[in-house]
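**Q** Below is a structure I'd like to ask you about.
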Amino acid sequence: MGNLLQTEELRFEVNGHQIAAKCWGESGARPILALHGWLDNAATFDRLAPLLEDVRFISLDLMGHGFSDHRPASMPYYIWDNVQDLMAIADHLNLEKFTLIGHSMGASIATLFAGAFPERIESLVLIEGIAPMVTESEIAAEQLAQSIKKRLRMQGRPQKPYTDFDSVVAARMKGRWPVDEQAARWLVERGVIQREGGFYWRSDPSLMLPSILRMSEEQVESFIKRVTASVLLILGDNGIPQSDRRVALFRSIRTESLSGGHHLHLEEQAVGLIATMINEFIQV
């Protein structure tokens, strides 16, 4: 099953910054752009991509992650800025219409894009995520204050190194959302840099700061209602519970629940089933 064994690295210039990507498949095949979750990177699809059939699978390192540049120090990480980055990359690749796959935060970005530009999306695959976290309007001021205070406290705080590569792998295996050793190695190989003093995460420490501003639920739902593509939502029975209300707002959605955790696309017992579902779904 699958034929996407050869990989290559891609680089895109977007608004003066470099965005990196890992790519599988032939250039003329059906295009898929894939978006990873928060603090992960393009390697999150290393187990899934080789099982997909006859596609050009391009997995991005979102800004601040993996081999991509960080945003300027003065610029917060707003989730919607990734939509503009994604549009620039799709235009660079001359993709008038394409399939979009997202995991967790990447799923949220995918839904925002598919709602903003419904004519560009052929099909939408969401893994363990639907749309962004929200802050209701009555506590927006409090959210802003807390974020700025924490940003000021963290300024100049040195990043803690790991003594060796295996220590980073062990730490990633035991993270908030655990993964097995092979998955952790894939993520860490793309996610760390060796400098004087040890191994450091490449991801921008600013990603750890609380959001300065979030959308309201009403705003998020307005994006979901505009999605015209068929949607495949894949959830793990030990993953993050999703909103039934949000699911019901999609015009055409198929929901599948599998045995697995939040990173079930990186789990050996689930990835084959996920690949079969995606292969069938995008051929319809």
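The numbers here are math on the coordinates, done by the rules we state, and not lab data. Everything quoted here is computed from the prediction, not taken from an experiment. Here the Cβ is made from the backbone with ideal geometry for all residues, glycine too, and neighbour counts use every protein chain on show.
**Q** Pull up the DSSP beta bridges for the chain and report the antiparallel fraction as a percent, rounded to 5.
**A** 40 percent
**Q** Could you work out how far the C-alpha centroid of region 219-245 sits from that of region 84-102, in angstrom?
**A** 20 Å
**Q** By the gyration tensor of its Cα atoms, with a ≥ b ≥ c the square roots of the eigenvalues, what is the shape of region 175-254: rounded for a/c under 1.5, prolate for a/b over b/c, or oblate?
**A** Since a/c reaches 1.5 and a/b is larger than b/c, the shape of region 175-254 is classed as prolate.
**Q** Here's a follow-up. Could you tell me which residue out of 199, 66, 253 lies farthest along the dipole of the chain toward its positive end? Charges go on the beta carbon: Lys and Arg +1, Asp and Glu -1, centred on the Cα centre.
**A** 199
**Q** When ranked by the protection proxy of mean other Cβ atoms within 10 Å per residue, highest first, what sequence do the peptides 149-155, 54-60, 101-107 form?
**A** 101-107, 54-60, 149-155
**Q** Quick one: which of 195-202, 274-281 comes out on top by average Cβ neighbours within 10 Å, and what's the full order, highest first?
**A** 274-281, 195-202
**Q** Rounded, prolate or oblate, given the Cα gyration tensor of region 36-174, with a/c below 1.5 counting as rounded?
**A** Oblate.
**Q** Oh, and also: Considering amide H positions built from the backbone, and no H for Pro or chain starts, which residues 5 or more places from residue 101, or on another chain, come under 5 Å of its amide H?
**A** Residues meeting the amide H criterion: 33, 34, 35, 125.
**Q** In addition: Amide H of residue 203 versus every other amide H placed in the peptide plane: which residues, excluding those fewer than 5 positions away on the same chain, fall under 5 Å?
**A** For residue 203, whose amide H was placed from the backbone, the distant partners under 5 Å are 66.
**Q** Could you give each residue of region 240-251 its phi-based ³J(HN,Hα) in whole Hz, using Karplus coefficients 6.51, -1.76, 1.60 with θ = phi - 60°, and x for Gly or Pro?
**A** Once rounded to whole Hz, the list reads 9, x, 10, 6, 4, 4, 5, 4, 5, 7, 6, 5.
**Q** Right, here's the next one. Going highest first, how would you order 253-266, 14-27 by mean Cβ packing within 10 Å?
**A** 253-266, 14-27
**Q** Sticking with this structure for a sec: Where both residues lie in region 4-79, what percent of DSSP beta bridges are antiparallel, nearest 5?
**A** Percentage antiparallel, nearest 5: 65.
**Q** Once the dipole of the chain is set up with Lys and Arg at +1 and Asp and Glu at -1 on Cβ about the Cα centre, which of 84, 111, 210 lies farthest towards its positive end?
**A** 210
**Q** Let me ask another. Please give the charge dipole size of the chain, origin at the Cα centre, charges +1 on K and R Cβ atoms and -1 on D and E Cβ atoms. Round to the nearest 20 debye.
**A** 780 debye
**Q** Within the set of other residues whose C-beta is less than 11 Å from the C-beta of residue 243, count the net charge using Lys and Arg as +1 and Asp and Glu as -1.
**A** My count for the surroundings of residue 243 gives -1.
**Q** Per residue of region 80-92, what does 6.51 cos²θ - 1.76 cosθ + 1.60 with θ = phi - 60° give for ³J(HN,Hα)? Whole Hz please, x for Gly and Pro, Karplus curve as stated.
**A** My calculation for region 80-92 gives 6, 5, 5, 5, 5, 4, 5, 4, 4, 5, 4, 5, 4 Hz in order.
**Q** Output ³J(HN,Hα) for region 220-229: one whole-Hz value per residue in order, computed from phi by the Karplus curve 6.51 cos²θ - 1.76 cosθ + 1.60 with θ = phi - 60°, and x for Gly and Pro.
**A** 4, 5, 5, 6, 4, 5, 8, 6, 9, 5
**Q** Please report, in debye to the nearest 20, how large the charge dipole of region 1-113 is about its Cα centre when each Lys and Arg carries +1 at its beta carbon and each Asp and Glu carries -1 there.
**A** I would put it at about 160 debye.
**Q** Please identify, among 90, 34, 141, the residue showing maximal mean-square fluctuation in a Gaussian network model of the chain using a 10 angstrom Cα cutoff.
**A** 141
**Q** Considering all projection directions equally, how large on average is the shadow of the alpha-carbon convex hull of the chain, in square nanometres?
**A** If you wrap the Cα atoms of the chain in a convex hull and average its projections, you get 14.6 nm².
**Q** Please state the charge dipole magnitude for region 155-284, taken about the Cα centre, from unit charges on C-beta atoms (+1 on K and R, -1 on D and E), reported in debye and rounded to the nearest 20.
**A** Dipole about the Cα centre, nearest 20: 520 debye.
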